[in-house]
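Take a look at the structure below.
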Amino acid sequence: MCGIVGAVAKREVSDILVEGLRRLEYRGYDSAGVAVIDGDQVGLCKRLGKVEVLAKALEQSALPGCTGIAHTRWATHGQPSEENAHPHTSHDRLALVHNGIIENHEKLRQQLQGMGYHFSSQTDSETVVHLIDSKMQSGLDLLAAVKSAIKELEGAFGLAVISLAEPEKVVCARSGSPLVIGVGIGENFLASDQLALRQVTDRFVYLEEGDIACVTAEGYLIWDESDQPVIRSTLSISDKVDAADKGEYRHFMLKEIFEQPTVIRNTLAGRIGKDKILEQAFGAEAKLILDKTEHVQIVACGTSYHSGLVARYWLEEIAGIPCSVEVASEFRYRKFVVPKNSLFVTISQSGETADTLAALRLAKTLGYASSLAICNVAQSSLVRESDLALMTEAGTEIGVASTKAFTTQLVALLLVTIALGRRHGLTANAEATMVEALQQLPELIEQTLTLDETIKQSSEHFAEKNHSLFLGRGAQYPVAMEGALKLKEISYIHAEAYPAGELKHGPLALVDADMPIVAVAPNNELLEKLKSNLEEVAARGGELFVFADVDSGLQTGPGIISIQVPSVPAVIEPIIYTIPLQLLSYHVAVLKGTDVDQPRNLAKSVTVE
């Protein structure tokens, strides 16, 4: 589910493997482990908890060797424990790490037990290492054994295997879970994310779906899913700033909140002119795809789903075309009617979100006219498998709770909305007004970030609270949903969002002095209705925290704390009002003493169903 690192070199690799795991900690995990071939044995060290616990164990008992694999695990089969941690071994001669889920593991387990294999864990992954070992015992070499074994696997996997019989190679395979080879000089590496290898190389080869690779210190060979030798392109990646460094910030999440003006500038760069968007930057096929689009179906998960909900308001109001938004896991398991000339839009920070990727693959069989991915990772499966992709340019996001990825998704979706609007009655003057708002956006976010200290002080009111309600109207309702999600993710306060007009239909029963109410109140046509909703809360003794436009007339008073947000153009209000909710969640979590960047039970990239 989480992180894979592998290395084959002329030097000892344990430190390289552990450093790679550290750089993947942002994904969330419950245990970590390393396996290294040391002469005539596979040295193994696994620990429950953080990578640092593993590192300290290796200081006490080193694992020398030039070939190794490592893993951080997030439990899917079997509870978090050292027995269930990766790497898994077979007869102390073979070791394997695995991301994904093997759906037929129970059948394979029974088959292997019948052959005399003993299982020491409850994981689906252990079945794979024993299966490969059984192939080798029948006479196959490591590569052939892996090729044979994966034909029997059902599900998703990214895996890497080392063997005492062939100690100078790592064999890896990808099906539904990403893997990348890091190219060195006299040494080579592999990982589930290139970020894990940035300390040793800046050259990467991304494996395609179905690829199998054999990696040695001298080089690597790749076979596609048809077992044909293939050459994949090598990409050079160089960042001026190491994304895995918090710099002056206490947490990655705070760093990433404050990076939003920069990454939004990057997302807009080359895509807007003086008074119009430059849709040529969307890709060569963009015009053809957008010209025929009469309906948009958005599918996403979590935070990305909320960005899709905001986009629905934009698409129907600005572009004048119908839009449907659905959670990917629900979309996959119901019957529905595909509207004519419908554009299937997927949104994902990682581009490897299992449910979203599966929904895209399903959509290709259902008659959607074309597909568009809004994504932050250029080499991801989602991007490669979509007809069109619009990258968000958020840079690496380390904090599990998404911040800059969300706002850059909104920017990308607004660009798409304007492009579609051109084809459905949006005037040049209206487009120019929106482009001007986008040009102002980074500076307006910088102004909004100056509220940080005020929000920090207000967050103290949440220190002893266990529940909260978030309210919004119109496009601010999904913004309230995102605010509630952030608060529950990192502070563990139970938080829910409602359209403000729904208060009297049930949630009002919960309102009392122990249930703080957070509301977003831009100065738009819904403001007066929202004020009436807030009065209902105040009349029942509720404590209100309102992020209000400076011109809204909402001021701090008995039972209400009003934090003044800069007045901004209406079209970008959902982006601006997201910022103070991110800051509120962050400061509450710090007060609560939770693990802000790696909240319990959560993973950054959800690559299993």
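The values are calculated or read from the model by the stated rules, or taken from the named source; none is laboratory data. Every value quoted in this text rests on a predicted model; they were computed, and no experiment measured them. Using ideal geometry, Cβ is built from the backbone for each residue, glycine included, and neighbour counts are taken over all protein chains shown.
Before moving on, here are some points about what is shown:
- Looking only at residues of segment 210-238 that are among the polar types (S, T, N, Q) and in a loop (DSSP other than H, G, I, E, B), we find that the one that is surrounded by the most Cβ atoms within 10 Å (Cβ to Cβ) is THR216.
- Just one residue in the set GLY33, GLY3, GLY43, GLY20 is more than 23 Å from VAL400 (Cβ to Cβ), surrounded by 19 or more Cβ atoms within 10 Å (Cβ to Cβ) and not hydroxyl-bearing (Ser, Thr, Tyr); that residue is GLY43.
- The residue pairs whose first member lies in segment 277-290 and is under 24 Å from ALA437 (Cβ atoms), whose second member is in a helix (DSSP H, G or I) and among the small types (Gly, Ala, Ser), and whose beta carbons are closer than 8 Å, counting only pairs six or more residues apart or on different chains, are ILE277/ALA419; GLU279/ALA286; GLU279/ALA419; GLN280/ALA286; PHE282/ALA419; ALA286/ALA419; LEU290/ALA419.
- In segment 247-277, the residues that are surrounded by 14 or more Cβ atoms within 10 Å (Cβ to Cβ) and farther than 20 Å from VAL377 by Cα: TYR249, HIS251, LEU254, PHE258, ILE272, ASP275, LYS276, ILE277
- Looking across VAL327, VAL296, one residue alone is of a type in the set (A, V, I, L, M), in contact with a Phe, Trp or Tyr (Cβ under 7 Å, 6 or more places away or on another chain) and buried (at least 16 other Cβ atoms within 10 Å of the Cβ). It is VAL327.
- Residue match in segment 154-176 (condition: in the same structural domain as ASN104 (by the TED database) and without any contact (Cβ under 8 Å) to a residue 24 or more places away in the chain): no
- Residue match in segment 138-149 (condition: of a type in the set (S, T, N, Q), touching a residue at least 60 places away in the same chain (Cβ under 8 Å), in the same structural domain as ASP193 (by the TED database) and under 20 Å from ASP92 (Cβ atoms)): no
- When GLN564 is tested against (1) modelled with pLDDT of 85 or more; (2) crowded, with 19+ Cβ neighbours inside 10 Å, just one condition goes unmet, and that condition is (2).
- Annotation: of all residues in segment 283-299 being farther than 10 Å from ASN341 by Cα and under 26 Å from the mean Cα position of the chain (by Cα), the one that is modelled with the lowest pLDDT is GLY283.
- In this entry, LEU48 passes the filter for residues that are hydrophobic (A, V, I, L, M, F, W, C) and more than 27 Å from GLY186 (Cα to Cα).
- Which listed residue, of VAL5, VAL18, is outside any strand (DSSP E or B) and in contact with a helix residue (DSSP H, G or I) (Cβ under 6 Å, 6 or more places away or on another chain): VAL18
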